[in-house]
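Asks: Pasting a structure here, questions to come.
We did not get these values from a lab; they are worked out from the coordinates using the rules stated. Every value quoted in this text rests on a predicted model; they were computed, and no experiment measured them. Don't worry about glycine lacking a Cβ; one is built from the backbone with ideal geometry, like all the others, and counts go over all protein chains shown.
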Amino acid sequence: MSAPLRLGIAGLGTVGIGVLRIIRQHSEMLAARTGREITLSAVSARDKSKDRGVPLDRYDWEDDPVALARRDDIDVFVELIGGHDGPARQAVEAALAAGKDVVTANKALLAIHGQSLAEAAENAGRTLRYEAAVAGGIPVIKSLMEGLAGNDVTRVMGVMNGSCNYILTRMETAGLSYAEVFAEADGLGYLEADPQLDVGGIDAAHKLAILSSLAFGTRVDFDGIALEGIDRVSIDDIRAAADMGYKIKLLGVAQMTGRGLEQRMQPCLVPDTSPLGQLDGGTNMVVLEGDAVGQIVLRGPGAGEGPTASAVMADVCDIAKGARGPVFGFPAAQLKTSTPARAQMPAPYYLRMSLEDKPGALAKIASVLGEAGVSIDRMRQYGHDDTKAPVLIVTHKTTPDALNTALAEMNSTGVLSGTPVALRIEAV
Ligand code: NAP
Ligand code: HSE
């Protein structure tokens, strides 16, 4: 058997403790699978006195994760602190500079500093692995990097934030407003310390940025993502979408087009019978499409102690077996700088608006749509009060530009009450 692989773990929260438990519970199995013992030399967190439910006395303690990263008795630095700057970044950079391999679950760090960290790792002849950073327990990084290595990847899609999917599902099943379910999810501890990372779509966009780089051989470009969170999704939209055979999901889509790299993370309608439409609660789903394989769908737990630690350990085991290779699939120096492209592919759209309930109001809206070249597929009008008429429209496929022209024109018709809601209907 080869020499043991010695770890240092920084961050002993949900994921860190999960990793520690796996190392303790499965040491023999891990050694048998990798051909070497996987040991833990030292750990770091903020509060040494905190009871973490696992005895830590056999491991050295470092208050400073940078000091842990530089220790001579570790081969792999496991960063489970979080945050795209501060101690996580400093410690990862220190570990690579000290010649250690690194495993992290930190999507924010990779989405913002992925390129410089990949260069640092590759220049140092080390590896940086991050299976847990995207979709928790789902082995999506391995699927893209290894399983689909023979494909020209054409599209990557997914629901990659469990908290948002929980909120949208719960709104639908309980008939509760966004504000009510948000408060409930927050109270249950389902949301990040800064909930805007979840509901603002930022966490999911971090994950999409990482997948795009792997899929298309481009530098991670988080800023190139067209981003919209779920906070504007109302129970009225959820009900209306359901009535027309759709579910609303916070959906990430990335594809390379002739104009550049299109990356978007936004609430979309998907058919309720599709795999994405049937994804309820906190579960994640990633859809990968390649020229040779066609489409594959990966589904599983996107967060939590066990699933995330499972993914961290997959990386640790790969390193134990000697796996190397570029951080984002292609050597960092060869990753292309992509031009961000706005979505131009035609798609059907869902529109919900409230009209003044007077003669000719609907005709004016239909006329504006027609003049912009937007064709109506289906329309419903119900739930009037004394003065307002809610109208739902599903368009035929149209371009975002044509739709935006129509929406701008609608404002000058004088028949709208409030701002229309427009959501893309994604073909999945
Ligand atoms: P967490 O429960 O908040 O734990 C964070 C840990 O980092 C804590 O143990 C904390 O110490 C420690 N820490 C904070 N600042 C530190 C510092 N300056 N020096 C040393 N230690 C420090 O976070 P988590 O949920 O385990 O997440 C860890 C990482 O995994 C994040 O990047 C997250 O995005 C990612 N991730 C998490 C999940 C999930 O389901 N939780 C899923 C996928 C990815 P104390 O305990 O002493 O305060
Ligand atoms: N807040 C994230 C989610 C955690 O809800 O999916 C896992 O990245």
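Asks: Quick one: which residues, 5+ away or cross-chain, put their amide H under 5 Å from the amide H of K336? H built at 1.01 Å from N.
Replies: The answer is T218, R219.
Asks: Plugging the Kirkwood radius over Cα pairs into Stokes-Einstein for segment 2-133, at a temperature of 10 °C and a viscosity of 1.306 mPa s, what D comes out in µm²/s?
Replies: Details: Rh = 14.8 Å.
Stokes-Einstein gives a translational diffusion coefficient of 108 µm²/s.
Asks: Using Cα pairs closer than 8 Å and at least 6 residues apart in sequence, work out the relative contact order for the chain, in percent.
Replies: Details: 919 pairs, mean separation 69.2, N = 428.
Once normalised by length, the contact order is 16 percent.
Asks: Shifting gears a bit: Using the eigenvalues of the Cα gyration tensor, what equivalent ellipsoid semi-axes result for segment 298-428 when each is taken as the square root of five times the eigenvalue, whole Å, largest first?
Replies: Values: eigenvalues 466, 82, 25 Å².
Equivalent ellipsoid semi-axes, largest first: 48, 20, 11 Å.
Asks: While we're looking at this one, here's another question. For the chain, with the dipole built from +1 on Lys and Arg beta-carbon atoms and -1 on Asp and Glu ones, taken about the Cα centre, which of G294, A179, Y382 lies farthest toward the positive end?
Replies: About the Cα centre, the residue reaching furthest to the positive side is G294.
Asks: So who's got an amide H within less than 5 Å of the one on A226, skipping anything under 5 residues away but keeping other chains? H placed 1.01 Å off N, in plane.
Replies: Placed amide hydrogens put Q263, R264, M265 under 5 Å from A226.
Asks: What whole-number value in cubic angstrom gives the convex hull volume per residue for the C-alpha atoms of segment 184-299?
Replies: Expressed per residue, the convex hull around the Cα atoms of segment 184-299 is 130 Å³.
Asks: Follow-up. Go through K48/K249; K50/K247; K48/K100; K100/K207; K207/K247; K358/K397 and tell me which ones have a Cα-Cα distance over 31 Å in this structure.
Replies: Beyond 31 Å: K48/K249; K50/K247.
Asks: Where does segment 349-425 land on Rg(C-alpha)/(2.2 N^0.38 Å)?
Replies: Numbers: Rg = 11.4 Å, N = 77, 2.2 N^0.38 = 11.5 Å.
Normalised by 2.2 N^0.38 Å, the Cα Rg of segment 349-425 equals 1.00.
Asks: Also, quick follow-up: How big is segment 80-164 along each principal axis, measuring the range of its Cα positions in Å and listing the largest first?
Replies: 36, 33, 19
Asks: Then there's this: So what's the projected area for segment 107-242, the Cα convex hull averaged over all directions, in nm²?
Replies: 9.7
Asks: Using Cβ contacts closer than 10 Å as the measure, can you line up H206, H396 from fewest to most?
Replies: H396, H206
Asks: In addition: Just from its helices, what would the mean residue ellipticity at 222 nm be for the chain, if runs of 4 or more DSSP H residues each count -39500 (n - 2.57) and the sum is divided by every residue, rounded to the nearest 500 deg cm²/dmol?
Replies: -10000 deg cm²/dmol
Asks: When only C-alpha pairs under 8 Å and at least 6 residues apart count, what is the relative contact order of segment 349-425, in percent?
Replies: Value for segment 349-425: 48 percent.
Asks: I've got another one for you. Averaging over all projection directions, find the projected area of the Cα convex hull of the chain and quote it in nm² with one decimal place.
Replies: Values: hull surface 87.4 nm².
If I average the Cα hull's projected area over directions, I get 21.9 nm².
Asks: With viscosity set to 1.567 mPa s and temperature to 4 °C, compute the Stokes-Einstein D of segment 317-358, Rh being the Kirkwood radius across alpha carbon pairs; µm²/s, no decimals.
Replies: The Stokes-Einstein estimate is 79 µm²/s.
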